[in-house]
Every structure is written in C-alpha cells, then in structure tokens.
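No lab work stands behind these numbers, since they all come straight from the coordinates. For clarity, every value in this text was computed on a predicted model and none was experimentally measured. Virtual Cβ from ideal backbone geometry, glycine too; neighbours counted across all protein chains shown.
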Amino acid sequence: MLNRHADADRAVAVAAPLAGNSGKRMRAAVAAAVAVVGAFSLDQASKAWALSALSGGTTVPILPFVELRLVFNPGVAFGIGADAGAPLVVGLIVLNAALLGWVCARVVRDDDLVGTALLAIAAGGGLGNLSDRIFRAGEPPLTGRVVDFIAVDWFAIFNVADIFTTCGIALWALRTTLVTRPDRLAPATQVP
C-alpha cells in the first residue's frame, strides 16, 4: 500500500510540469503551423498573381535594378541542378521533411518559440517551391519548374518562397548565434 502511494506521488511529480507546459506547447504548435501555412499561402498567392499579371512577357519596373518578370526555373538557387530532374525533387522532399520534423521536435522540446517560428517560415517557403515542382510537372513526374518573378539585375530572379526560406534560416542562425538562453548557460563554479 505504501509503495502505491509513493508511485502515485512520483507520477504526479513527473506529470505536473508536463501539464503546465501543455498550453505553452499548444501555442508553439499553433504558431509553427500558422507560420508554415502562412508562408506557403503567401507564396502561392504571389505566384498566382505573377502567372496572371506577368504572362506574355509583361514586366513591371520597381527600381532601376529590380523588376517583376515571369520565368520558370527548373533548378534551385541560381538555376543550379537544372538538369537533375526528379532526383533533385526527391532530395528536396527529404530536406523539407527533415526541416518540418525539426520544427515539430522543437515544439515538443519547448525550444525557443521565435527560433521555431523562423524555421517554420523557412519550411513554408520550401513547401511553396516544392509544390511547384510536384504540381507543375508534366512527364516525367517531379520535374515541374518553380515560378520566379522578382528579378534583381545584378543578382538573381527569385520568388516569395525563396525570401521566406532564406530569411527564415538566416534569421534563425543569427538569433541562435546572438541570443543566449538562460537554460543554455553553464552553471557558475564557486571559487573557494
């Protein structure tokens, strides 16, 4: 009988902190889901606009060196891997799945919410470009071209998904480098 009470006390002691964090984890999960879906949706809406407004060679000047111009990119950044086809897409599926898994693990581990949201934004951007490769493909499958339309003359032509992916990862790395969390500090050693 005494053991049963001791076991129950231990179970309550273990479960109490987990129950206290369930609301925080739920908020983190919702924030991550909103970030992924939001980035994906904004990317897809911008691409739908570009396909309707910029088809037929229409360009829209923004700055002397920036214009909106529709192109279809078979590769990744700067057209790299344009001839890789389906193996490139399979690699990108694996990479995006790993990033989404990492976002989920960060939610479960109760990691930094801002860092998790930044990675979720990057994943949403990755899903936006991945959907182009999957759903804009003809034959063979998984060979669709990504809709790009923001042209910087001296740099590249890219899209909103590229902005989300690049900025999400870069800001996460910057935050990870510059922000010291109290739970990561080494315990102070006492000098006699």
Checklist line | Karplus 3J(HN,Hα) series, Hz, for segment 132-137 with 6.51 cos²θ - 1.76 cosθ + 1.60 (x for Gly, Pro) | finding: 4, 5, 7, 8, 9, 7
Note to self: Could you give each residue of segment 55-70 its phi-based ³J(HN,Hα) in whole Hz, using Karplus coefficients 6.51, -1.76, 1.60 with θ = phi - 60°, and x for Gly or Pro?
What the structure shows: 5, x, x, 5, 10, 10, x, 10, 9, x, 10, 10, 9, 9, 8, 7
Note to self: Sorting check: for 62-71, 27-36, which peptide has the highest mean count of neighbouring beta carbons within 10 Å, and how do the rest follow?
What the structure shows: 27-36, 62-71
Next item on the list: Could you calculate the contour length gain from residue 66 to residue 41, that is, 0.36 nm times the residue separation minus the distance between their Cα atoms, to one decimal place in nm?
Entry: 6.6 nm
Checklist line | HN-Hα J in Hz across segment 22-33 - Karplus 6.51, -1.76, 1.60, θ = phi - 60°, x for Gly and Pro | finding: 5, x, 5, 5, 5, 5, 5, 5, 5, 4, 5, 5
Next item on the list: Enter the mean projected area of the convex hull around the alpha-carbon atoms of segment 34-165, in nm², rounded to one decimal.
Entry: 8.6
Margin query: Given a Förster distance of 41 Å, report the FRET efficiency between residue 59 and residue 166 from their Cβ-Cβ distance, rounded to the nearest 0.05.
Written below: 0.95
Next item on the list: Set the Förster distance to 45 Å, then compute FRET efficiency between residue 108 and residue 137 from the Cβ-Cβ distance, nearest 0.05.
Entry: 0.85
